[in-house]
Every structure is written in C-alpha cells, then in structure tokens.
Amino acid sequence: MNLQSDDFELFGVERRFAQERAQLDARWKELQRQAHPDRFASEGAAAQRVAMQWSVRINEAYQRLKDPLARAAYLCELGGAPVRAEDNTSMPTQFLMQQMEWREALDDAHDAQQIDALGLVVKNAERDALARCAALLDEAHDHVGAAQQVRALMFLARFARSVEQRADQLGQ
C-alpha cells in the first residue's frame, strides 16, 4: 500500500463512477484487517502509529468511494475540474427556476400528500442527475460538465433535506 495512491488505486478498483458497493465493502474490510494497529502491537509504538495513519487513510477513502456524490466530486478533482461549490454556484437558469418552483411548492405544502409528492419529484431528479453525472464521467470523460452536475446534486441534496424537515414538522 502506498499513502500517495488515490482512493481508487488504494482500493484496487477502476477509476470510474460506477462501482459495486459490495466490492468496496469487502475491500475496505480487507484493508482494515491488514492495517489494524493491533496487528503491529509487538512492533512498537512507531509501527502502531503508522498503522493508525493507514487505518485513517483507508476509512477516508472508503467514505469517499461509497458515497456517489463524494465519489463524483473526487473524480472531477482527479480529472482536473474541482467542484469548488464554495465559490462557484453558477447554475443554468432552467435549473435555478426549477429550484425556485420547488421552494414555492414546499412553502405552499400543507399536508403529507403534498410533501410526499414533492419528495418523490426530488428523489427522481436526484436519480436522473446521478445518471447524467455517471455518463459524463464514465462515458464522455467530461469532468467540467460532471463538476456542474455535482453542484446541481448538492443543491438537490440540500432541498431533499428541506423536504424531510418539512415532513417532520407536519408529523410524518
């Protein structure tokens, strides 16, 4: 294992968006078993510290790889197109208009049925955006386009949380 490896190299998987979760889970367990500090107890404190660093590195990589949004953002970064969500919030006008319509619908929703319907619409939009992101990354190798799609997914995820919070307020 090499600390300088990217997450995909570390886990021995192809550098692409599409990943098998079961494969990632199995590889994570195997890597954690290899790097567990208890395996190095007889080798002293320095070896245990290095094992702990490895364990942390493996966990960080696993968290990034298992989460589709984090994995997409990481692939964009590796492809030279960091998402930069904190200072690049530009989105297509149509997307922003849709967000405004959804916000209004959420504000106007007064019962569980309306909230559920809006939640389903958002869930479908997230699914479609993830599929577009996967195609941009794995087929078109368009990291700049994928970075914009990741920013859209971040908007959608925040809105989905707002829908959940509103559902909780209504006692669902």
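Assorted remarks:
- Inter-label distance, nm, simple model (7 Å from Cα along the C-beta direction), Ala46/Asp111: 7.2 nm
- Nitroxide proxy distance, nm - points 7 Å out along Cα→Cβ at Phe95 and Gln19: 2.2 nm
- For the listed peptides 24-36, 149-161, a ranking on the average number of other beta carbons within 10 Å per residue, highest first, reads 149-161, 24-36.
- Residues Asp116, Asp128 arranged by fewest to most Cβ contacts within 10 Å: Asp128, Asp116
- Cα gyration tensor of the range 7-66 - equivalent ellipsoid semi-axes, whole Å, descending: 25, 10, 8
- Calculated FRET value between Leu120 and Asp67, using beta carbons and R₀ = 22 Å, to 0.05: 0.50
- Leading residue at positive end of dipole, the chain (Cβ point charges), from Gln32, Leu130, His143: Gln32
- Mean Kyte hydropathy of 0.0 or more with a Cα span along the axis of at least 30 Å, helices from DSSP in the chain: 112-134
- Helix-only CD estimate at 222 nm, as mean residue ellipticity for the chain, using -39500 (n - 2.57) per DSSP H run (n ≥ 4): -23000 deg cm²/dmol
- Per-selection Kirkwood Rh - the chain (Cα, Å, 1 d.p.): 18.4 Å
Every read-out reported here was derived from the displayed coordinates using simple, explicitly stated rules and does not represent laboratory data. Keep in mind the model is a prediction, meaning the values are calculated, not measured. Counting neighbours? That spans all protein chains shown, and the Cβs are built from the backbone with ideal geometry, glycine included.
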